[in-house]
1. I'm told VAL393 meets every condition in (1) open to solvent by 30 Å² or more (accessible area, probe 1.4 Å); (2) part of a strand (DSSP E or B) except one. Can you identify the failing condition by its number?
2. State the number of residues belonging to the range 95-133 that are farther than 23 Å from GLY193 by Cα and part of a loop (DSSP other than H, G, I, E, B).
3. Tell me which residues, restricted to the range 31-47, are assigned to a loop (DSSP other than H, G, I, E, B) and within 16 Å of ALA74 (Cβ to Cβ).
4. Within the bounds of the range 186-201, is there any residue that is among the basic types (Lys, Arg), without any contact (Cβ under 8 Å) to a residue 60 or more places away in the chain and not in a loop (DSSP other than H, G, I, E, B)?
5. Kindly indicate which of GLY306, GLY246 is open to solvent by 30 Å² or more (accessible area, probe 1.4 Å), of a type in the set (Gly, Ala, Ser) and within 30 Å of LEU451 (Cα to Cα).
6. Restricting the range 48-68 to residues that are part of a helix (DSSP H, G or I) and more than 24 Å from the chain's Cα centre (by Cα), which is surrounded by the most Cβ atoms within 10 Å (Cβ to Cβ)?
7. Could you list, in sequence order, the residues of the range 359-376 that are open to solvent by less than 50 Å² (accessible area, probe 1.4 Å) and either more than 15 Å from ARG15 (Cβ to Cβ) or part of a loop (DSSP other than H, G, I, E, B) (or both)?
8. Among GLU264, GLU200, which is the only one that is open to solvent by less than 50 Å² (accessible area, probe 1.4 Å), over 18 Å from the mean Cα position of the chain (by Cα) and either modelled with pLDDT under 95 or not small (Gly, Ala, Ser) (or both)?
Amino acid sequence: MKKILVANRGEIARRIFRSARALGIGTVAVYSEADANAAHVMEADASEAIGPAPARESYLNADRILEAARSSGADAVHPGYGFLAENAGFAERVIAAGLTWVGPSPRSIIEMGDKQRARELAQAAGVPVVPGSSRFTVGDTEGIEAAAEATGYPLLVKASAGGGGIGMRRVDRPDQLRATVEATQSMAQKAFGDGSVFLERFVPKARHVEIQVFGFGDSKAVHLYERDCSLQRRFQKVIEESPSPGLPAEVRAAMTSAAIRLCEKTRYAGAGTVEFIVDAESFEFFFLEMNTRIQVEHPVTEMTTGLDLVGMQLDFARGRLTGMEQSAVATKGHAIECRLYAENPAKMFMPSPGTLNVYRPPATGTHLRLDSAYREGDAVTPYYDPMIGKLVVWGDTRDQAIRRAVEALDDFAIEGLHTNRDFLVACLKDDGFASGDVFTGFIDTHQKRLLLAA
C-alpha cells in the first residue's frame, strides 16, 4: 500500500491521513465543488475533484471516486464513515478494480447492513436480541397488527437497511401503527433503496452501549471494550464515553463476550462495532446492530486504550496485522467525546449553517484531542452533516474527564452561527449526567432544564 484515497471529507478524512502519514503511506483527497478549499483537501498529498456539492453527485458517486483513484495512482481506498462506507457494491467495485479495500468484506457489509439478517446472525451466535418481528416489505404488511401485539407497545418501526439512528420511528398505540409503517417505508425506500421494515420492542429507559471489535477473518477477534452512547437527540449521538458509567463488571464481560461470539461466528475481518440496548434498571442487554466501519466516536476508544484504530485498519489491509491477543488490549482512565454541531438546540436542534467568523479551539495535548476540519472563516454548508468537530478529553477518573470537557468547551471560541456548545456544557454539568444516570431519553426528559442551563 503506497497511496490511499479517502472516499470521504472533513474530519474523518484528516483523521485517516494522519495514520497513513505515520505509516509512510501517501494520501489522496476527493472533494466536491463546495469543498474545493477545505482543510482535508489542503492537507492531502494529492487531491481530485469529484463533482458538484450535493453528495449524490460527488461523495456518493462511485464512478467519480473510482476514476479519481485511477487518475491519482492510488492503490487503496478507505471509505471513512457515512457516504459509501457501508455500501457493499462500492466495496466490490473497489476490489474488482484491483485496489485494496480498507474495510470488512462485502459479504459482512451485506449481512450486517440488513438489520433483520443481522438479528438472525446474532441469534445464531447466542447473542440476545430485542423481541421483534420478521420483515415487512412495501405492499405486503399482512399480519403486522398481530406482530405488533406480539412485540408489545411501545415499539419501534425500523428500516431493515437503516443505520446510524436513521429510519426509526416510535409507536405507542395500535392506532398509530399503519401510518408510521407507511411513513417509515417511504423514507427508507428513498434513503436506502429498500423500503422493508421490521418491528422491535422499545425499551422505555434504555442505555446505548457498544463494543468496539477487531476481527481477523479466521474466527478470531478481540474487543477494545465499550463506549456508552446514551446521550442522544433524535436517535443521533451527542456525547459518548468510556467506560460506561455504572455498568456492572459482569454485564460488561457478558457483552464483550457476546460481541466476540458474533464476530467469530461470522468470521468478521477488520474494525467494527457491535451495538446493544441495555435496560437501564435491570441491565439486561439486547443486540441492536453491527456497524461495519470505523465509528464517529472511535477516538474515545483510542484515548482509553492507546491504540490507533485507523492504523490497525491500514496494517490489517496490507497484511501487517494478522492477529492480536485479548491480553494485549488494556484500558486506562476515562474518556468523553462531545460532538460539536452547527445547530440550534432551542429550535429542535435544527442545523444552523453559516460562516465561522470566530473559530479558536482550546489548546490540544495529551488529555485533549480535537478532530475537526474547520478553520476560522470557513463556512458550514447545508450540503453535509453539520458537525463542526469532536472534542475528546481523557482523565484518570470520570469526574476529572467531565471537568476537563467543560473547561475545554468554555475555552472554545466560536462566533457566526448557532452551535450546541453551551448545551453540551449544560449536559456535562447536569446532576443527572454527573451521577451516571444516563439513558437514551435523557435529553428529551430534561430538555427544558438543559436549555435553561445553556
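The values are calculated or read from the model by the stated rules, or taken from the named source; none is laboratory data. Every value quoted in this text rests on a predicted model; they were computed, and no experiment measured them. Glycine gets a Cβ as well: all are built from the backbone with ideal geometry, and neighbour counts include every protein chain shown. Note: areas computed on protein heavy atoms with side chains; ligands, DNA, RNA excluded. Shrake-Rupley method; radii C 1.70, N 1.55, O 1.52, S 1.80 Å.
1. For VAL393, the exception is condition (1).
2. Here the count works out to 10.
3. Residues of the range 31-47 that are assigned to a loop (DSSP other than H, G, I, E, B), as a first pass: 36-38, 44-45.
If the condition is that a residue be assigned to a loop (DSSP other than H, G, I, E, B) and within 16 Å of ALA74 (Cβ to Cβ), then ALA44, ASP45 are the ones that fit.
4. Applying the first criterion (among the basic types (Lys, Arg)) to the range 186-201 yields 190, 201.
Then keep just the ones that are without any contact (Cβ under 8 Å) to a residue 60 or more places away in the chain; that gives 190.
Those still in the list that are not in a loop (DSSP other than H, G, I, E, B) too: 190.
The answer is yes; a qualifying residue exists.
5. Working: GLY306 fails: within 30 Å of LEU451 (Cα to Cα).
Unique residue meeting the criteria: GLY246.
6. Initially, the range 48-68 is screened for residues part of a helix (DSSP H, G or I), giving 55-57, 62-68.
Okay, now just the ones that are also more than 24 Å from the chain's Cα centre (by Cα), so 63-64, 66-68.
Numbers: ASP63: 10, ARG64: 18, LEU66: 21, GLU67: 13, ALA68: 24.
For the range 48-68, the residue satisfying everything is ALA68.
7. Listed by number, the residues that qualify are TYR359, PRO362, GLY365, LEU368, ALA373, TYR374.
8. On the way: GLU264 fails: open to solvent by less than 50 Å² (accessible area, probe 1.4 Å).
Answer to the selection: GLU200.
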